[in-house]
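Chemist: One structure coming up, written as structure tokens, with questions to follow.
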Amino acid sequence: MEKKKMRILTGDRTTGRLHLGHYVGSLKSRVALQDMYDTFILLADIQALTTHFENPSLIHDSIFDVTIDNLSVGLDPTKVTIVQQSAVKAIAEMTVFYSMLVSVNALRHNPTIKTEAKQYGYSELTYGFLGYPVSQAADITFCNADLVPVGEDQIPHIELSRKIVRKFNDMYGTFITEPQAKLSDVPRLSGLDGNAKMGKSLGNAIYLSDSADEVAQKVRMAVTDPARIKISIPGNPDICNVAKYHKIFTPDKYDQICADCRAAKIGCVACKKILINSLNTLLDPMRERRAYYENHMDEVSDIILTGSKKANEIGDAQVAMMREAMHIAI
Ligand code: TRP
């Protein structure tokens, strides 16, 4: 008998297009995992509302943009299930059930909530924002996901999900799967401006949807070793952002480029040219897939609707089981 595949679920907030940081940290491994695991990709539009509720058109457009970003990197719609979070009723219902099991204090002390609240400049937190980790526990467990591939910042949320599930199972005698984080082993991609993080709100991102010219323009503006004001002065790749990018995107030539930089044999312009080439070589096949989907938007809608329908069937069964266990089914 064929062994049942383990299920993974991961997601992106629909608050804008995805960039190279997302690719390196998450999308790339999704592609590698899709054959091994039963993969669910969540378009987290409800979670997007927690910070962007005043911008419904951005969230609407991003549902499609994020879907196409995921498809463009090579996720195969015949293998993975792409799900719109707000379309899955079980997620909303489970969020309510789970909310009984989580203290407000635990949410207030969640380090990721704290960081994000600061980042957005919130002096007061809405109920929805403070509670999104509870909703995320529902995202993960409506389909009994085994593994959740995420970056470091999501660990507190996965821990909370585990706690909630444990509590629910203990209390009601159910067997909801306790999910496990599958931590990305890639260090966070820094911004080309030298900022520690590439982020859409930081204005330093290279988007998967950027054209070859846009990529070239952004790389040309990148900050390098500030002490290297002349080509004849040897550079220090240890403190150069472009070198960090070469390590990821030009791995075969990385050692040579660093040696040439230290020996002042290669200047920043030439070095950046190599990077532009590496990035565009990576992005070109993505651009091709993107062009296909952008010309077949009906197919994109279908992929989201089909995935969400399947998610609803799975989620409805989960909620029915939970209602039974909670003695609220009549
Ligand atoms: N919180 C995640 C982020 O900010 C997005 C997300 C929503 C998610 N639901 C999820 C990730 C479920 C993993 C599993 O990137």
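Chemist: Name the helices (runs of 4 or more DSSP H) wholly inside region 244-330 in which the number of residues that are of a type in the set (Phe, Trp, Tyr), surrounded by fewer than 14 Cβ atoms within 10 Å (Cβ to Cβ) and in the same structural domain as Asp38 (by TED's automatic domain parsing) is 2 or more.
Modeler: Helices (runs of 4 or more DSSP H) meeting the threshold: none at all.
Chemist: Can you tell me which residue is nearest to the ligand (Cβ to nearest atom) among those in region 1-15 that are in a loop (DSSP other than H, G, I, E, B) and open to solvent by 10 Å² or more (accessible area, probe 1.4 Å)? Working first, answer last.
Modeler: Here is the first cut: in region 1-15, the ones in a loop (DSSP other than H, G, I, E, B) are 1-6, 14-15.
Of the ones still in play, those that are also open to solvent by 10 Å² or more (accessible area, probe 1.4 Å) are 1-6, 15.
Details: Met1: 30, Glu2: 26, Lys3: 24, Lys4: 21, Lys5: 18, Met6: 15, Thr15: 9 Å.
By that ranking, first place goes to Thr15.
Chemist: Report yes if Thr174 is in the same structural domain as Ile68 (by TED's automatic domain parsing), among the polar types (S, T, N, Q), out of contact with any Asp or Glu (no Cβ under 8 Å at 6 or more places or on another chain) and surrounded by 14 or more Cβ atoms within 10 Å (Cβ to Cβ), otherwise no. First the steps, then the outcome.
Modeler: Values: in the same structural domain as Ile68 (by TED's automatic domain parsing): yes; among the polar types (S, T, N, Q): yes; out of contact with any Asp or Glu (no Cβ under 8 Å at 6 or more places or on another chain): yes; surrounded by 14 or more Cβ atoms within 10 Å (Cβ to Cβ): yes.
It is true that Thr174 is in the same structural domain as Ile68 (by TED's automatic domain parsing), among the polar types (S, T, N, Q), out of contact with any Asp or Glu (no Cβ under 8 Å at 6 or more places or on another chain) and surrounded by 14 or more Cβ atoms within 10 Å (Cβ to Cβ).
Chemist: Looking only at region 103-145, how many residues end up being buried (at least 18 other Cβ atoms within 10 Å of the Cβ) and either hydroxyl-bearing (Ser, Thr, Tyr) or in contact (Cβ under 8 Å) with a residue 60 or more places away in the chain (or both)?
Modeler: Number satisfying all stated conditions: 10.
Chemist: Same structure, new question: Of the conditions (1) open to solvent by less than 70 Å² (accessible area, probe 1.4 Å); (2) within 16 Å of the ligand (Cβ to nearest atom), Lys197 clears all except one; give me its number.
Modeler: (1) is the only condition that Lys197 fails.
Chemist: Looking at Leu202, is it on the phi < 0 side of the Ramachandran plot, touching a Gly at 6+ places or on another chain (Cβ under 8 Å), in the same structural domain as Val24 (by TED's automatic domain parsing) and open to solvent by 10 Å² or more (accessible area, probe 1.4 Å)? Even if it seems obvious, please write down each step before you answer.
Modeler: On the way: on the phi < 0 side of the Ramachandran plot: yes; touching a Gly at 6+ places or on another chain (Cβ under 8 Å): yes; in the same structural domain as Val24 (by TED's automatic domain parsing): no; open to solvent by 10 Å² or more (accessible area, probe 1.4 Å): yes.
So Leu202 does not fit the description; no.
Chemist: Which pairs have Cβ atoms under 6 Å, sit 6 or more apart or on different chains, and link a residue in region 274-290 that is charged (D, E, K, R) to one that is in a helix (DSSP H, G or I)?
Modeler: Filtered contacts from region 274-290: Arg289/Ser72; Arg290/Ile68; Arg290/Ser72.
Chemist: Give region 136-179 a look and list any residue that's among the polar types (S, T, N, Q) and more than 9 Å from the ligand (Cβ to nearest atom), or say none.
Modeler: Residues satisfying the conditions are Thr141, Asn144, Asn169, Thr174, Thr177.
The values are calculated or read from the model by the stated rules, or taken from the named source; none is laboratory data. Note that the structure is predicted; figures quoted are calculated from it, not measured. Note: ideal-geometry Cβ built from the backbone for every residue, glycine included; neighbour counts use all protein chains shown. The accessibility values were calculated without ligands, DNA or RNA, using every heavy atom of the protein model including side chains. Shrake-Rupley method; radii C 1.70, N 1.55, O 1.52, S 1.80 Å.
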